[in-house]
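Encoded as structure tokens, the structure appears first; notes follow it.
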Amino acid sequence: QVQLVESGGGLVQAGGSLRLSCEVSGSISSITVMGWYHQAPGKQRELVASITHGGFTNYADSVRGRFTISREAAKNTVYLQMNSLKPDDTAVYYCNATTVWRTFWGQGTQVTVSS
């Protein structure tokens, strides 16, 4: 089992920044990919950014150049640094962990960007 706890969401003005954190516990050594997804009201959950066990990163076109995914092994934490935020970034952000046998999700954290 893997447990994920997100934090760092909130309300920010357009152009501002937020950093989301995802604290990981459990069978950490079984994780192959960590990711951040978001889901806006009435829309499907979409990948925002991911990072593999080997450190390869991938970003949605809509956030590339503005968001950065990173990890701090000593703290078992994955971060999503979000800069130049736009109202369209408003959504619930979920942390995701993929292992060899299944995918795990956090409870989500709300990000609201005001214009």
Q.
Let me spell it out: the conditions are (1) of a type in the set (D, E, K, R); (2) in contact with a strand residue (DSSP E or B) (Cβ under 8 Å, 6 or more places away or on another chain); (3) surrounded by fewer than 21 Cβ atoms within 10 Å (Cβ to Cβ), and residue 89 meets all of them except one. Which number is the exception?
A. (3)
Q: Among the candidates 58, 96, single out the residue that is open to solvent by 60 Å² or more (accessible area, probe 1.4 Å) and either in contact with a Cys (Cβ under 8 Å, 6 or more places away or on another chain) or in a strand (DSSP E or B) (or both).
A: 58
Q | Near pairs, Cβ below 8 angstrom, 6+ apart or cross-chain, from the stretch 77-106 (closer than 18 Å to residue 43 by Cα) to any residue that is of a type in the set (Asp, Glu) | A | 93/6; 94/6; 95/6
Q) Since residue 60 meets every condition but one in (1) touching a strand residue (DSSP E or B) at 6+ places or on another chain (Cβ under 6 Å); (2) in contact (Cβ under 8 Å) with a residue 60 or more places away in the chain, which condition does it not meet? A) (2)
(Q) With of a type in the set (S, T, N, Q), within 10 Å of the chain's Cα centre (by Cα) and at negative phi as the only criterion, which of 81, 39, 44 stands out? (A) 81
Q.
Just checking, does the stretch 100-113 include any residue being under 15 Å from residue 14 (Cα atoms), open to solvent by less than 20 Å² (accessible area, probe 1.4 Å) and among the β-branched types (Val, Ile, Thr)?
A. yes
Q. Looking at the stretch 61-78, which of the residues that are closer than 19 Å to residue 5 by Cα and open to solvent by less than 40 Å² (accessible area, probe 1.4 Å) is farthest from the chain's Cα centre (by Cα)?
A. 77
Q: Scan the stretch 8-55 for residues that are without any contact (Cβ under 8 Å) to a residue 40 or more places away in the chain, more than 23 Å from residue 88 (Cα to Cα) and part of a loop (DSSP other than H, G, I, E, B) and report the count.
A: 3
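The values are calculated or read from the model by the stated rules, or taken from the named source; none is laboratory data. From a predicted model like this one, the values you see are computed outputs, not experimental measurements. Don't worry about glycine lacking a Cβ; one is built from the backbone with ideal geometry, like all the others, and counts go over all protein chains shown. SASA here: full protein model, heavy atoms, side chains in, ligands and nucleic acids out. Shrake-Rupley method; radii C 1.70, N 1.55, O 1.52, S 1.80 Å.
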